[in-house]
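J.: Pasting a structure below so you can have a look.
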Amino acid sequence: MSAASQLLKQHLQQRQMLGKTHVALRPGTMDRLTGVVRESAVRAAPAPEPSRSFAAAPAPAARILLEAPPPETKKADLLEVAGETLEEKLAALRTMAETWEPARSMQSLRKTMVFAVGSPLASLMFVGEAPGAEEEKLGEPFVGPAGQKLTAIIKAMGLERRKVYISNICKFRPAMDNQGSGNRKPTAEEMRACVPFVLTEIDLIKPLVIVALGATAAEGLGIPGTVGGLRGKFHSTSGIPTMVTYHPSYLLREEQTGDGIRAKRAVWEDMLKVMEKLGLPISAKQRGYFQTK
């Protein structure tokens, strides 16, 4: 194998380990590569990534196709943060969020910043819409009733909350008149003010899979549509497989109407696909959760 062929093979294998399976070529490039690259040369499965919180399924073999690559997050969408280690960069990002002027200048957002929680080495990242009353009080996302439901889902997947990463599109609780414990979804303008933070978190952590909880979270990640139309299949956020599913608060509401089993089963079907994508073991008991008779 020539030196050029060896370098190209190494490049494709590196992209494969990052879950990137397409390479865009300029017109005429394929002709120059004839006889150099063979699909069989890049079928070797990547070694497990030891730094992740749990093992990931092997990515599909890298292949060369004459098509455009999936859309990537523009560098202009990301924030520059200081620090040598991942932990230092996330800490700097949190500090930046505390005094973020685009959000602070909005009279429609409250003043308490709620950042994120979990492992910076997580393979799985959950993204919600905005903190509520309990989250604002404790300074941590998903700690109220909906958060307890999310924790139960994570546990049912065989994972621990501390080993995944949980964030929100909007880092501040949207304000309301006579608010009390009431909450509302963030507006498009409010999401735009905060979304650079979650995109930068994704860029730093590089999870293998993202779960968008609800249509608002999906919209913030650039995946518009209804949850019913989006769920059940993977979309892409910065090239990372993203599953859209119902928000835990939706499950709580459906339980009150007597339709909780149907809603839970829909979410669990999505989580089974996430588990398969991550290469997590799935028992017969797990596959049978929330089956309707």
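The values are calculated or read from the model by the stated rules, or taken from the named source; none is laboratory data. All of these numbers come straight from a predicted model, not from anything done at the bench. Note that each Cβ is placed from the backbone with ideal geometry, even for glycine, and that neighbours are counted across all protein chains shown. The accessibility values were calculated without ligands, DNA or RNA, using every heavy atom of the protein model including side chains. Shrake-Rupley method; radii C 1.70, N 1.55, O 1.52, S 1.80 Å.
J.: If I take every Cα pair under 8 Å that is 6 or more residues apart in segment 138-293, average their sequence separation and divide by the length, what percent do I get for the relative contact order?
T.: After rounding, I find 18 percent.
J.: Quick one: which of 279-289, 157-167, 122-132 comes out on top by average Cβ neighbours within 10 Å, and what's the full order, highest first?
T.: 122-132, 157-167, 279-289
J.: Further, regarding this structure: Can you pull the accessible area of Val198 for me, 1.4 Å probe, Å² to the nearest 10?
T.: Here the residue's solvent-accessible area equals roughly 0 Å².
J.: Additional query: Tell me which residues come under 5 Å, amide H to amide H, from Asn168 once H is placed; ignore anything under 5 positions away on its chain.
T.: Gly128
J.: At a 1.4 Å probe, what is the % contribution of carbon and sulfur to the accessible area of segment 106-241?
T.: So the carbon and sulfur contribution to the accessible surface is 52 percent.
J.: Say the cut-off is 18 Å between C-alpha atoms; which of Lys89/Lys206; Lys163/Lys206; Lys171/Lys277; Lys111/Lys149; Lys163/Lys185; Lys149/Lys264 go over it?
T.: Lys171/Lys277; Lys111/Lys149; Lys163/Lys185
J.: Follow-up question, since we're still on this one. Taking a ≥ b ≥ c as the square roots of the Cα gyration tensor eigenvalues, with a/c under 1.5 meaning rounded and otherwise prolate when a/b beats b/c, else oblate, which class fits segment 81-126?
T.: Here segment 81-126 falls in the oblate category.
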